[in-house]
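The values are calculated or read from the model by the stated rules, or taken from the named source; none is laboratory data. This structure is a prediction, so every number in the text was calculated from the model and none was measured. Cβ placement follows ideal geometry from the backbone for every residue including glycine, while neighbour counts extend to all protein chains displayed. Calculation scope for accessible area: heavy atoms of the full protein, side chains included, ligands and nucleic acids excluded. Shrake-Rupley method; radii C 1.70, N 1.55, O 1.52, S 1.80 Å.
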Amino acid sequence: MDCDPALPDSLVLEIFLHLPHDAVLNAGLTCRQWLAVSRDEFLWRELFYSYYRIPRSVPRHPAAVSWFREFKRLFDCIPCEEVQTLTEHHDQVLHLAFSHRGHRFSSCSKDCTVKLWDTERPDGTISLVHSCSMRQFNWGYTQFSQFNADDSLLLVSGVYLGTHHSSSGEIAVISMDNYTLLSRVRNKPYDVFGCWLNETHLISGKLHWIGNMTSCSVLWLNKAFQDIESENVNVVKRLFKIQNVNASTIRTVMVAHCRRHDNPDLLLDYEAQSQARAGAQSHKGHQHQPLLFDLGSTEYEEEEDEDEDDDDDNHKAPKLLGAHLPQATISGLDHVKQSCQNVGTTERVIEATVARMMGRAHTKAPDPTHMGPSSPGDDEDKTYLLFTTGSLTYSPHQIGIKRIMPEQMTTCGPVLGEERSSDEFFDSLDHVIDIHGHIIGMGLSPDHRYLYVNSRAWPAGCVISDPMSPPPIAEEIDLHVIDLKSLREERRSLRAHRAFTPNDECFFIFLDVSRDFVASGAEDKHGYIWDRHYNICLARLAHDDVVNSVAFSPADQELLLSASDDSTIKVWRSPRMVRLAQTPAHPQRPRNLLSSWLFRSKNATCTNSVNGKP
């Protein structure tokens, strides 16, 4: 429809600048002039910054082609609409993990099963493929799973219940071809979780107490296929041995394969993208208050066996129902608490001093060539082992980083025990990042460039005088972003989610990162989604209880899963995908062009005959 240009374009644009985005789109349907003005780039730039309340110093996403499409991406492509609820679990669902292809995902639960699901059904729904109970192996529950690089194997981590009510962890490897169990590996403490190093080898942990508050964590490399080929072939090999002080332990290991980073999925350094450094500095001092946008309206070594575990683990069995287990493991924290009941403050100070002296005297010196910010010409691939640890108190408050060298990525090599002849006793950490709070979650970006960390902050300026009395932690969860190339924290912390349990009851809240988004669960019965580039919270996903885990499909970031204490897994898709799924398919036109042409020619001949034309 055309209309007389009674108003100049500049005046129409000025009017549109004062309208909400949906009114602008409706007004653009009036006439061609208003339609052209409603697609103006300057207009949508202003609408974008005002609606999402983004600082003007933040540039547009580098992959965006227009401000209008960028507004539409954030509004229409967020997986925030619930399309399915999976109820096959009968207890709290603790963790979700997608295969690398995105065609399967696994779920772990307090009902002690690991379930496998199919995401490629023709009707778009998700269905259960296989369920395996681990109670037959004396597990209390399953807590974590991870597919190897080619999706042929599944690592499943859980809590193993030993004799005398003892508990430690165990890792099982399951074949995806026929769902058979290939191997089982002990894992202590159980919240080390374990992880894949490559397609055929996985990492587990072992904790040994040296004193009341001093221990060492041994990280082991295990072959997934532990069938005995020869008595001279290793299936397990010690990777690192690290001293822990002040009742801390190594937990939550993960592997980052940091490639050259020449083409990262997303570059979070604004200053490298824009010349608006001065404007960014002016906003840096202001506390960020995230907004929520309504998108719905449009051994000492390897020969130690189970007997030692049973002797070390004289503690209460974990509760399998109801509240979560504390993140500080029962075999660790309760051991320390019981040991310290009859130990005075002076003895604790002496032990800490001796532990530090022993660590300095019996720890390998760090190799400066292993770490450090990558230089522009550095084309070497690096593999990092990341884990939570601590030095001031038992609560995990630091990220430890240890580089894994190429020769360490196989169990081949000297037979176990030869490394004990070395003068050094402990391995040093290559790098430590202090979060100044209780760490409750970690996740890597798809390109392994950035590490996202959930933490609950300590009070500013707090001083820890007693390692058994960590500072109180905030209810707000901060989501930190660490650049593994520069080894420094990027951006301000993301915040919107909350947690309420105290220090000694904190449990892991699993987060996940896609190309453009990051999502996390929370104790406030919701999951949250942020945009990685703009640092804004875009959606909140409701459950009936604590949300423990979220997972983006690696094949389609507009598909998200969330797992909760309400025993359900919810499937979320973007409004765009929901709209496409509801659109009826158009009938296909005839593909035989010759018969179609003959049919039209015959009709034309008949019509001419009726009209008396030749």
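Selection of region 497-534 for residues being surrounded by fewer than 24 Cβ atoms within 10 Å (Cβ to Cβ), closer than 23 Å to LEU266 by Cβ and polar (S, T, N, Q) yields only SER514. Taken together, THR346, THR411 contain a single residue that is modelled with pLDDT of 75 or more and open to solvent by 10 Å² or more (accessible area, probe 1.4 Å), which is THR346. Inside region 81-94, can you point out the residues that are assigned to a strand (DSSP E or B), out of contact with any helix residue (DSSP H, G or I) (no Cβ under 7 Å at 6 or more places or on another chain) and of a type outside the set (Val, Ile, Thr)? The answer is GLU82, GLN84, LEU86, LEU94. Would you mind stating whether ASP111 is in a helix (DSSP H, G or I) and surrounded by 17 or more Cβ atoms within 10 Å (Cβ to Cβ)? Considered against the rule, which asks whether it is in a helix (DSSP H, G or I) and surrounded by 17 or more Cβ atoms within 10 Å (Cβ to Cβ), ASP111 comes out as no. It is to be established whether one or more residues within region 518-540 are out of contact with any His (no Cβ under 6 Å at 6 or more places or on another chain), aliphatic (A, V, I, L, M) and closer than 22 Å to ASP91 by Cα. No, region 518-540 contains no residue that is out of contact with any His (no Cβ under 6 Å at 6 or more places or on another chain), aliphatic (A, V, I, L, M) and closer than 22 Å to ASP91 by Cα.
Matching residues to (1) part of a strand (DSSP E or B); (2) basic (Lys, Arg); (3) surrounded by 16 or more Cβ atoms within 10 Å (Cβ to Cβ):
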site	(1), (2), (3)
LEU96	yes, no, yes
LYS115	yes, yes, yes
LEU128	yes, no, no
GLY158	yes, no, yes
LEU182	yes, no, no
VAL185	yes, no, yes
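Mind listing whichever residues of region 559-572 are in contact with a helix residue (DSSP H, G or I) (Cβ under 8 Å, 6 or more places away or on another chain) and either in a loop (DSSP other than H, G, I, E, B) or surrounded by fewer than 23 Cβ atoms within 10 Å (Cβ to Cβ) (or both)? Listed by number, the list is empty, since nothing qualifies.
Looking at region 467-489, which of the residues that are surrounded by fewer than 20 Cβ atoms within 10 Å (Cβ to Cβ) and among the aliphatic types (A, V, I, L, M) is nearest to MET213 (Cα to Cα)? In this case the residue turns out to be MET468.
Can you confirm whether region 64-80 contains a residue that is modelled with pLDDT of 95 or more, in a strand (DSSP E or B) and not acidic (Asp, Glu)? Checked region 64-80: no residue is modelled with pLDDT of 95 or more, in a strand (DSSP E or B) and not acidic (Asp, Glu). When the residues of region 32-53 are filtered to those that are open to solvent by 10 Å² or more (accessible area, probe 1.4 Å) and either in contact with a strand residue (DSSP E or B) (Cβ under 7 Å, 6 or more places away or on another chain) or not in a helix (DSSP H, G or I) (or both), the one that is farthest from ASP76 (Cα to Cα) is ASP40.
Just one of the listed residues (SER145, SER106, SER57) is open to solvent by less than 40 Å² (accessible area, probe 1.4 Å), part of a loop (DSSP other than H, G, I, E, B) and on the phi < 0 side of the Ramachandran plot, and it is SER57. Selection within region 192-233: residues that are open to solvent by 20 Å² or more (accessible area, probe 1.4 Å) and among the small types (Gly, Ala, Ser). The member of this set that is modelled with the highest pLDDT is GLY211.
For region 117-126, a residue qualifies if it is open to solvent by 50 Å² or more (accessible area, probe 1.4 Å) and of a type outside the set (D, E, K, R), and exactly one does: PRO122. For THR87, the conditions (1) open to solvent by 30 Å² or more (accessible area, probe 1.4 Å); (2) more than 22 Å from LEU541 (Cβ to Cβ) are fulfilled apart from (2).
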